[in-house]
Amino acid sequence: DAGVTQSPTHLIKTRGQHVTLRCSPISGHKSVSWYQQVLGQGPQFIFQYYEKEERGRGNFPDRFSARQFPNYSSELNVNALLLGDSALYLCASSLDRWALHFGNGTRLTVT
Amino acid sequence: QKEVEQDPGPLSVPEGAIVSLNCTYSNSAFQYFMWYRQYSRKGPELLMYTYSSGNKEDGRFTAQVDKSSKYISLFIRDSQPSDSATYLCAMSDLMNRDDKIIFGKGTRLHILP
């Protein structure tokens with residue numbers, strides 16, 4: 001079975017630009033979560049979607065937004081990029097509420 | 001005080017040794033406790049989970065939760081070089097509508113051949 005897939009794997013953007021990250025969950029998983037992992041830190045919760053509905057939002061500015069599509073795939077959008085947005089962005093899908101299955105992430109570098 | 005505290009290491013131990021990894025937390029509402037392993041350039045992988053207090057064993061891995069002390073541990077027996085990775089503790093109360101999981105910083109573990 002395919003695991004969680006994320007695209008692109010790497011991305012370099014300039015300050016002020018916009019970025020869209022994509023995630024395909026494991027087949028049958030209806031919940032998708034997004035986490036940000038800064039180097040040397042643990043993942044930090046950004047959003048959770050279940051059945052296309054936003055269930056939770058972490059402590060991130062409104063420049064961060066997400067959505068989930070009818071096929072349960074998801075997009076994370078970040079506007080007006082800042083240097084501090086450079087991080088590994090992880091998508092996770094789940095059947096059980098706590099058993100997250102992570103993809104390998106998108107490494108975003110903002111210059 | 002951070003919700004979850006974890007020593008970042010690095011922790012270096014010889015092959016075959018018993019490894020002890022620990023986290024403390026401050027939120028008494030946490031009920032679900034997890035350990036994830038993350039290899040370099042990969043996403044975290046769920047190793048073990050426990051609900052409330054107690055022990056759970058899976059092969060060479062044992063997870064312990066002491067809710068009275070707000071302290072969780074992961075023990076690795078007969079450690080192997082392939083166990084070299086970052087280990088993240090994680091926890092959640094799941095009483096909220098969202099499924100937010102709080103992660104520790106992670107402990108970098110090196111098993112020396």
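Only Lys, Arg, Asp and Glu carry charge here, each on its Cβ (+1 for the first two, -1 for the last two); on that basis segment A:5-110 has a dipole of about 140 debye about its Cα centre.
Legend: Rg and Dmax of chain A, from Cα coordinates, 13.0, 38 Å. Hydrodynamic radius of the protein assembly as shown by the Kirkwood approach over all distinct alpha-carbon pairs: 18.0 Å. Take the Cβ atoms of B:E57 and A:A80, set R0 to 35 Å, and the FRET efficiency comes out at 0.10.
Computed from label points 7 Å out along Cα-Cβ, the spacing between A:L95 and A:N59 is 3.4 nm. Length gained on full extension, B:H110 to B:E15, computed as 0.36 nm times the residue gap minus the Cα-Cα distance: 33.3 nm.
Would you mind counting up the charge near B:R77? Only other residues with Cβ under 13 Å from its Cβ, with Lys and Arg at +1 and Asp and Glu at -1. The partial results should precede the final answer.
Numbers: positive: B:R60; negative: B:E15, B:E57, B:D58, B:D78, B:D83.
With Lys, Arg at +1 and Asp, Glu at -1, the neighbours total -4.
For segment B:1-42, the percent of C-alpha pairs falling in each 5 Å distance bin, counted from 0 to the bin holding the largest distance, reads 5, 13, 23, 22, 19, 11, 5, 1.
Whole Å is fine, so just give me how far the alpha carbon centre of segment B:10-49 lies from that of segment B:59-113. First find each Cα centre; the distance between them is then 2 Å. Which residues of segment A:89-105 bury at least 30 Å² of accessible area once all protein chains are present, versus their chain alone (1.4 Å probe)? With the partner chains in place, segment A:89-105 has these residues losing at least 30 Å²: A:R97, A:W98, A:L100, A:F102, A:N104.
Taken per residue, the accessible surface of segment A:5-110 reaches 46 Å², heavy atoms only and a 1.4 Å probe. For segment B:27-104, the set of chymotrypsin sites (Phe, Trp or Tyr not before Pro) satisfying both a DSSP loop assignment and a count of at most 16 other C-beta atoms within 10 Å is given as B:Y39.
Every Cα-Cα pair in chain B was counted, and those over 26 Å apart are 15% of them.
The values are calculated or read from the model by the stated rules, or taken from the named source; none is laboratory data. These figures come from a predicted structure and were not determined experimentally. Note that each Cβ is placed from the backbone with ideal geometry, even for glycine, and that neighbours are counted across all protein chains shown. Note: accessible area is taken over every heavy atom of the protein model, side chains too, but ligands, DNA and RNA are not part of it. Shrake-Rupley method; radii C 1.70, N 1.55, O 1.52, S 1.80 Å.
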